[in-house]
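Read-outs throughout are calculated quantities, based only on the coordinates presented, and are distinct from any laboratory measurement. Note that the structure is predicted; figures quoted are calculated from it, not measured. Every residue, glycine as well, gets a Cβ built from its backbone with ideal geometry; the counts of neighbours run over all protein chains shown.
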Amino acid sequence: MPLDIVVGTQWGDEGKGRIVDLLAKQADIVARFNGGDNAGHTVTVFTEGSGSQTFKLHLIPSGVVHAHTSGILGSGMVVNPATFFAELDALLAAGVSIGPERLQISFAAHLITPAHRALDRAQEMARGSGQIGTTGRGIGPAYTDRAARRGLRLQDALDRSTFHEKMLAHVAAANQQLVALGVEPLDAQAVAKDYNDFAARLAPYISDTGLQAWLALKQGKAVLAEGAQGTLLDLDAGTYPFVTSSNPTAAGALLGLGLGAAPIRRVIGVTKAFQTRVGAGPFPTELEGEAATRLRGTGANPWDEFGTTTGRPRRVGWLDGVLLRYAVRLNGLTEIMMTKLDVLSGLEKIRICTAYRAGGVEYEQLPLGPADLSPFKPIYEELPGWQADLQSLHRWEDLPAAAQNYIRRVEQIAGVPIGQVSVGPERGQVVDVAA
Ligand code: IMP
């Protein structure tokens, strides 16, 4: 009964998509469990005869590009039907055969509506200088409605006799908040009509996906849980309030899929070889100026550090070992996959934060979680860099000694093994780390 969970150990954008792509080859079911279309995974679809096509998936599990898999959008998610159908149509156009027979959404997932998106933007504006830097996709307001027990679940869309009225009431309530924030109200009838159309198209996709995952696991099939965002953006465990409104951690995977803990086989934490963040919030190892541009790239390449969903330049910094240890503990990681090691090539020295200092005291663990990191100054260890381009290397023994040394040091700090490192953006550019 193997359930493998992939989570980000940082603030998202660790390159989970490519690890999922690798692991999906052995999975029967690929499942998203948290968030919505705030995530962004770049996938490449290979079609016989017409080569490869690369595009971004924000909502549908990226493992579905492998034809043998089935996809699940779990109960922990918030689903914008407009995005869902746009992605479905893009996949179909790319030659991926996909429909209700191999893609299902949990009846208990919540709907995102245009009212949620409008509220997200209006609330963000109202925060003024305290902005979180949300993706504007309506994530926070949709989860707020869920917690306030007034949300619209996918299940509601199945009963068309009441759905229209529920939508009207939802938009009317949101309009009151929008007007209070000084924003134009939405046309409730128009929104309700659009969602009535979506409801008809959504119906064959809605079921009890937790039951399906459980039955598949009982038959010995493999389920791969695809985390979106990262540990430090977790609503409870992250750098609150600069977090998303869901639980991108391993515990969130269980609740967000409707499964218990027994089937877990591996919990794989994806870690970039350095640290990045989009949006506001603490970032102790952040770099500025030239050094930052060096790690971020200029945006000329699709893999440079600019947001997949919003295009915003990402903040960048040195790998933070204190936060990595925290992510290992919090998720119960069995292993780490490291991405983007090649980006560090050419640096004279590479720094890793191994502990924090505050008030003359050294901390290897966070005393009160990551919400308030302002008192802490990173303590760095400096490692020798390497000059060789790693992108054409495939074997551990071909990596420069300094690159091997960097990986070994990160393993020591994290306390779990690193299974693989990626050394370039293409599928094959991965090196297995020697045991
Ligand atoms: P929200 O999820 O749109 O509410 O945004 C809340 C915070 O999470 C903001 O700082 C976003 O930049 C961040 N965030 C949300 N989704 C992602 C993601 O997929 N990658 C990186 N950051 C994200």
(message) What does the charge count around L211 come to, taking other residues whose C-beta lies under 14 Å from its C-beta (Lys +1, Arg +1, Asp -1, Glu -1)?
(response) +1
(message) What does the extension gain come out to for Q53 and K349, with contour length at 0.36 nm per residue minus their alpha carbon separation?
(response) 102.8 nm
(message) Counting only helical runs of four or more DSSP H residues, what would the 222 nm mean residue ellipticity of the chain come to if each run contributes -39,500 (n - 2.57) and the total is spread over all its residues?
(response) -9000 deg cm²/dmol
(request) Compute the signed sum of charges (Lys and Arg +1, Asp and Glu -1) over the other residues within less than 12 Å, Cβ to Cβ, of S70. (result) 0
(request) Mind giving me the nanometre distance, one decimal, between the label points for A67 and S392, set 7 Å out from Cα along Cα→Cβ? (result) 3.4 nm
(message) What translational diffusion coefficient, to the nearest whole µm²/s, does the chain have by Stokes-Einstein, given a Kirkwood radius computed over alpha-carbon pairs, a temperature of 10 °C and 1.306 mPa s viscosity?
(response) 71 µm²/s
(message) Roughly how far apart, in whole Å, are the Cα centres of segment 405-424 and segment 273-316?
(response) 21 Å
(message) Just to be sure I follow: if Rg is taken over the C-alpha atoms of segment 351-432 and Rh is the Kirkwood radius over the same atoms, what is Rg/Rh?
(response) 1.08
(request) Considering Cα pairs under 8 angstrom that are at least six residues apart, work out the relative contact order of the chain and quote it in whole percent. (result) 19 percent
(message) Run the reach check for K166 against lysines, Cα to Cα strictly under 22 Å, same-chain hits fewer than 8 apart removed. What comes back?
(response) K193
(request) Would you mind giving the average projected area, over all directions, of the Cα convex hull of segment 65-165 in nm² with one decimal? (result) 8.0 nm²
(request) Consider just the alpha-carbon atoms of segment 147-199 and return their Rg together with their Dmax, both in angstrom. (result) 11.6, 34
(request) Quick one: check the C-alpha center-to-center distance for segment 1-62 versus segment 143-182, whole angstrom. (result) 30 Å
(request) Just list whichever of K272/K349; K16/K377; K16/K349 have alpha carbons separated by over 20 Å in the model shown. (result) K16/K377; K16/K349
(request) Would you mind computing, in nm to one decimal, how far apart the modelled labels at R427 and E101 are, each placed 7 Å from Cα along Cα→Cβ? (result) 2.3 nm
(message) Test of understanding: what is the full-extension gain from R160 to R294, defined as 0.36 nm times their sequence separation minus their Cα-Cα distance?
(response) 42.8 nm
(message) Give the lysines whose C-alpha is closer than 19 Å to that of K221, dropping any in the same chain fewer than 8 places away, or say none.
(response) K25
(request) Take segment 1-112, drop everything but the C-alpha atoms, weight them equally and run the Debye formula without solvent; then report log10 I(q)/I(0) at 0.12, 0.15, 0.17 Å⁻¹ to two decimals. (result) -0.38, -0.61, -0.80
(request) On a 0 to 90° scale, report how tilted helix 401-414 is relative to the longest principal axis of the chain, with both axes built from alpha carbons and the result rounded to the nearest 10. (result) 60 degrees
(request) Taking the chain as the reference, fit the longest principal axis to its C-alpha atoms, fit the long axis of helix 209-218 to the helix C-alpha atoms, and give the angle between the two in degrees, 0 to 90, nearest 10. (result) 50 degrees
(request) Could you tell me what percent of the DSSP beta bridges with both partners in the chain are antiparallel, to the nearest 5? (result) 45 percent
(request) Quick one: net charge around A358, please, counting Lys, Arg +1 and Asp, Glu -1 for every other residue with C-beta under 12 Å from its C-beta. (result) 0
(message) Could you tell me the extents of segment 254-330's C-alpha atoms along the three principal axes, largest first, rounded to whole Å?
(response) 48, 27, 21
(request) Report the dimensions of segment 297-427 along its three principal axes from the alpha-carbon atoms, largest first, rounded to Å. (result) 45, 37, 31
